[in-house]
1. Taking the Cα centre of the stretch 249-360 as origin, work out the dipole magnitude from +1 charges on Lys and Arg Cβ and -1 charges on Asp and Glu Cβ, in debye rounded to 20.
2. For the stretch 82-151, what value does the Rg/Rh ratio take when both radii are computed over Cα atoms and Rh is the Kirkwood radius, given to two decimals?
3. Separation of the stretch 348-369 and the stretch 379-415 by C-alpha centroid, Å?
4. Of the listed peptides 440-453, 356-369, 204-217, 389-402, what is their order by residue-averaged count of other C-beta atoms within 10 Å, with the highest listed first?
5. Once the Cβ-Cβ distance between Asn252 and Asp310 is put in as r, and R0 is 45 Å, what FRET efficiency do you end up with, to the nearest 0.05?
6. Please give the Cα centre distance for the stretch 171-204 versus the stretch 226-293, rounded to the nearest Å.
7. Ranking request for peptides 41-52, 186-197: highest mean number of other beta-carbon atoms within 10 Å first, then the rest in descending order.
8. Within the chain, what percent of beta bridges assigned by DSSP are antiparallel, to the nearest 5?
Amino acid sequence: MTLDPNYQRRFAALYVVNIFVKRNAKTYRKYAESLLELIDASPTPFHATRELAALLKAKGFDALQESDAWNLKKGGRYYVTRNDSSLMAFVVGTKPAESTGFKIIGAHTDSPNLRLKPNPAYEQSGYMQLGVEVYGGVLLTTWTDRDLSLAGRVVLKSKKGQPVSRLLKIEKPLLRIPQLAIHLNREVNEKGLKLNKQTHLPPILQMAQKNLSSEKALKALVARELKCRAEEIVSLDLALYDVQSSSFAGPNDEFLYAPRLDNLASCHAATVALLEASKQDSATRVLAFYDHEEIGSETAQGGGSPFLKDALERMVMDSENPREALMRAVARSVFISADMAHAVHPNYADKHEGQHMPLINAGPVIKTNAGQRYATEGVSSAHFELLCRRAGVNVQKFVMRSDLACGSTIGPITAANLGIRTVDVGNPMLSMHSIREMAGSQDHGDLIQVFKEYFNAKKG
Ligand code: ZN
């Protein structure tokens with residue numbers, strides 16, 4: 001019996017689709033798993049930078065120091081960090097940058113959180129507590145009643161009297177910001193939980209001790225974790241984090257529940273794409289991950305700093321006229337600024353513009369704003385959309401409602417600094433800036449495919 005040729009064709013197409021989906025499902029699962037691992041290992045930008053550097057190092061990237069001379073080789077793979085919290089990585093192209101342009105993906109390593117004050121420990125009403133400052137646009141109420149702990153950078157005094165940095169991550173429930181019982185706050189459900197940043201946020205560490213000052217108790221705790229003497233501790237860059245691990249969620253594991261998806265998901269996607277892209281490319285490919293995006297980027301290692309420009313300039317140093325080479329290379333480049341986007345929330349759909357309602361697991365989002373809070377314009381948008389088409393990935397578009405204020409990213413700042421054509425993109429998510437955010441497991445693989453297309457393609 002011969003099959004109807006149309007049926008045969010349909011069947012063949014179906015078969016191909018199934019194989020494709022199966023192969024992707026496995027790879028996509030791995031991508032999402034490795035993202036969750038990165039997030040759990042990275043409660044602070046210091047940890048994120050260290051973890052991302054380790055991924056690069058394992059694939060043959062060499063560490064550079066900004067204070068050293070750089071002798072870059074064609075096809076060489078390098079990374080450099082600033083303040084242990086921002087990172088640039090690049091693969092030198094086989095052709096001069098002025099003839100190919102750079103391929104750059106930018107993102108940020110920081111997330112909103114609560115940070116310890118310089119003299120944090122004090123006693124109040126029989127408790128030992130820690131004073132905190134709010135870093136960035138924290139969704140404050142989500143930090144109450146969670147199992148919190150401490151992580152960050154501790155600066156010790158070396159034997160020679162120099163400052164030495166060590167990373168700290170205490171992996172147990174250690175702190176809590178308890179909510180007031182409803183019996184003492186009867187109107188909380190009608191009026192909402194209002195938190196005073198000075199008086200309502202300090203977490204409880206332990207009960208006050210008779211013969212131990214709170215400062216000594218905190219230093220002893222940190223010293224025990226780092227296996228050093230308390231007297232060696234000079235200063236602390238510590239933040240609070242939630243010890244609950246990230247997880248897949250939903251009936252088919254279609255969601256990711258995790259802290260810091262904004263914006264470690266973009267850092268991870270760009271890094272994986274560079275590691276999996278072809279080893280050689282004519283263009284120099286660059287990752288630019290900045291700290292301090294959540295507080296406006298205007299710092300020595302933020303998006304407003306010359307970190308990227310400095311690095312790009314050093315990449316063209318061996319051309320005859322480096323200054324012109326840099327300008328020509330930048331003029332040929334498209335910078336992809338990757339940061340998470342707002343998926344439509346079903347309970348608040350009216351907060352979205354009716355024609356622009358990004359869905360989770362429906363592909364990356366191009367973000368546009370007439371006031372240039374996002375740096376996207378027609379040509380850069382088209383560049384990204386064409387990359388998505390080539391990668392076989394659906395693309396969505398976002399613009400804020402005209403009667404709501406728009407957020408921003410490192411996109412416009414980098415665009416203004418370098419005069420580089422820029423597109424603002426990112427995967428859709430819910431609960432942005434909550435202590436526990438939500439995104440799509442499928443979207444993460446899709447974004448990696450698009451970034452790979454960018455790093456692999458002859459022309460960005
Ligand atoms: Zn962000």
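1. Values: 9 positive and 17 negative charges, 66 e Å.
Result for the stretch 249-360 is approximately 320 debye, rounded to the nearest 20.
2. Working: Rg = 20.7 Å, Rh = 16.6 Å.
Ratio of gyration radius to Kirkwood radius for the stretch 82-151: 1.25.
3. After rounding, the separation between the Cα centres reads 11 Å.
4. Values: 440-453: 24.6, 356-369: 21.9, 204-217: 13.4, 389-402: 16.9.
The most tightly packed comes first, giving 440-453, 356-369, 389-402, 204-217.
5. Working: r = 46 Å, r/R0 = 1.01.
Result of the calculation: an efficiency of 0.50.
6. If we compute the Cα centre of each part, the gap is 28 Å.
7. Details: 41-52: 24.5, 186-197: 10.4.
The densest-packed peptide leads the list: 41-52, 186-197.
8. Values: 54 of 78 bridges.
Percent antiparallel among DSSP bridges in the chain is about 70.
Values quoted throughout were computed directly from the atomic coordinates according to the rules given, and no laboratory measurement underlies them. Please read all numbers here as calculations on a predicted model, not as lab measurements. Don't worry about glycine lacking a Cβ; one is built from the backbone with ideal geometry, like all the others, and counts go over all protein chains shown.
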